[in-house]
Amino acid sequence: MDKSISVTWRSPANIALIKYWGKHDNQLPNNPSLSMTLNHSITETTVEINPAKEPENPAIHFTFEDQPNLVFESRIKNFIHSLKEFFTFLSSNDISIKSQNNFPHSSGISSSASFMSSLALCLCSVERKLSDSPMNDYDFYKKASFIARLGSGSATRSVYGGFVSWGLTNLIHDSSDEYATPIMDNIHKVFTDYCDSVLIVSSNQKKLLSSEGHRLMETNPYNKTKYNEAGRNFGVLLDYLKKGDENGFGRIVENEAMALHGMIFMSQPWHILMEPNTIIILDKVRKFREINGLPICFTLDAGPNVHILYSRKIKNKIKTFIEIELNPFCENHKWIDDCVGNGPVELKPLE
Ligand code: PMV
C-alpha cells in the first residue's frame, strides 16, 4: 500500500438490560447479555493510515476531542498492538485515530462501547478497502463485533442497531461468546422505538473501572448465583420482548440493575456507585408507576446515572414527570433524550 486511507464511523452507546458482569479468558462473558442500542449518544472516530515512516516501528497517534489524551492513548496503543494478528496492515502502516463523543465519557454511559465499536468498524473498513476480495456485510459486522469485544466487552453489542444479544445461548440462533447477534427480528413493535431518558446524576469519571468490577466478581461468593439468574432473566426478558409485555420487561430490567449494584455492594472491597440522588430518582420512578399505572422502568449501568425506559406513546407524560420531579436531582438539570437506534453508520467524506 502506498497511499493514505481514511475512514470514519459514527457508533452509538448501548444500555444493557441483562448485564454482562464477570468474564473469563480474553473478554469472554460468564453469562449471556442483552442490550438496546441508543440513537443519540454517539462516538465519531476517524482512522487514517499511511505507509510507516519507520517501517520497523509504525507509529500510533490518538487524539480525543482534538486533544492528546495520555491515559486513553496508552490503552489504545496496547490494543492496536494486540490486533496485528487480525489486521496485517497494522504491521506496515502508521495509524492516526481521532475520536469525539457527544456525551460525557466514563460516567455510566457506555462510552467505551461506542468508542471501541467505532474503532473496530474503522479497522474493518480499512481492511475491506485494501482487500482484493472484500468481506460481505455479514462477515464484516461479525468481525467488527469480535474485534470490538477485545477492546471492551460491551462494545461487541454496539456494532448492531436495535436489540442485541451477546453470549452463547440455545435461545438465540448464531449466538456466541465471541461476538454479538442482532435480535431485532424477534422484537414486538412496542419496543422497536422504545425511549431511554438518561438522567445525568453525575458526570464525574467512574469510581470503579469495569475491568476491576469484572475482576471482583471472581471472588464474589454470590457469583455463580448471579450468572445463573442472569441466564434465567435473559430467557424471560426475551419472551417479554417478543410478546410486547412492558410490565414484565420492567420487572426483569429493574431486577438486573439492582442485581448489578448488589454485586458491587457485596464485592470485597465493596463499592457504592449510586449517588444519593440516584436513590431518590429510583424511588420516585416506582411511586410514579404505582400511582399512574404506567409501564415505566429504570436501569443503571456501573455508575450513578439513571436510564428511564418507556414506550413512545406515553412520552409526553414521562417528559413532564422528568422535567418536574426528576430534573432537580440531575447534575445541572441535565438529561439526555435518547431512544432505540439503528446502529453505526459510516460517514463518507464529502466529494
Ligand atoms: O464492557 P465493559 O468491560 O466496560 O463492561 C460493561 C459492564 C456493564 O456496562 C456494567 C454491563 C453491560 O453489559 O454493558
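Please determine whether any residue of the stretch 50-59 is more than 29 Å from LYS226 (Cα to Cα) and within 15 Å of the ligand (Cβ to nearest atom). Checked the stretch 50-59: no residue is more than 29 Å from LYS226 (Cα to Cα) and within 15 Å of the ligand (Cβ to nearest atom). Selection of strands (runs of 3 or more DSSP E) fully inside the stretch 135-220 by the criterion of at least 1 residues being of a type in the set (Phe, Trp, Tyr) and under 25 Å from SER82 (Cβ atoms) returns 163-166. Could you tell me which residue of the stretch 20-32 is nearest to TYR194 (Cα to Cα), considering only residues that are within 11 Å of the ligand (Cβ to nearest atom) and touching a Leu at 6+ places or on another chain (Cβ under 8 Å)? Here the residue is PRO32. With respect to SER35, determine if the residue is part of a helix (DSSP H, G or I), of a type in the set (Gly, Ala, Ser) and at pLDDT 95 or above. No: the conditions fail for SER35. Only one of the numbered conditions (1) within 23 Å of CYS339 (Cβ to Cβ); (2) within 16 Å of the ligand (Cβ to nearest atom); (3) without any contact (Cβ under 8 Å) to a residue 60 or more places away in the chain is not met by TYR141, and that is (2). Picking from residues in the stretch 197-219 that are open to solvent by less than 40 Å² (accessible area, probe 1.4 Å) and over 27 Å from VAL340 (Cβ atoms), the one that is farthest from the ligand (Cβ to nearest atom) is LEU216.
Among the residues of the stretch 1-56, those identified as at positive phi and either in contact with a His (Cβ under 8 Å, 6 or more places away or on another chain) or open to solvent by less than 30 Å² (accessible area, probe 1.4 Å) (or both) are GLY22, GLN27.
Is it the case, given these coordinates, that PHE79 is of a type in the set (Phe, Trp, Tyr), within 14 Å of the ligand (Cβ to nearest atom) and either surrounded by fewer than 16 Cβ atoms within 10 Å (Cβ to Cβ) or at pLDDT 95 or above (or both)? Yes, satisfied. Kindly evaluate ALA113 against the criterion of being assigned by TED's automatic domain parsing to the domain that holds TRP21, within 16 Å of the ligand (Cβ to nearest atom) and without any contact (Cβ under 8 Å) to a residue 40 or more places away in the chain. Criteria not met by ALA113. Does at least one position in the stretch 226-240 carry a residue that is surrounded by fewer than 19 Cβ atoms within 10 Å (Cβ to Cβ), among the basic types (Lys, Arg) and in contact with a helix residue (DSSP H, G or I) (Cβ under 9 Å, 6 or more places away or on another chain)? No, because not a single residue in the stretch 226-240 is surrounded by fewer than 19 Cβ atoms within 10 Å (Cβ to Cβ), among the basic types (Lys, Arg) and in contact with a helix residue (DSSP H, G or I) (Cβ under 9 Å, 6 or more places away or on another chain).
The values are calculated or read from the model by the stated rules, or taken from the named source; none is laboratory data. Note that the structure is a prediction, hence the values are computed from the model and not measured. Cβ: placed from backbone, ideal geometry, glycine included. Neighbour counts: every protein chain shown. For the accessible areas, the whole protein counts, side chains as well, though only heavy atoms, and no ligand, DNA or RNA atoms are used. Shrake-Rupley method; radii C 1.70, N 1.55, O 1.52, S 1.80 Å.
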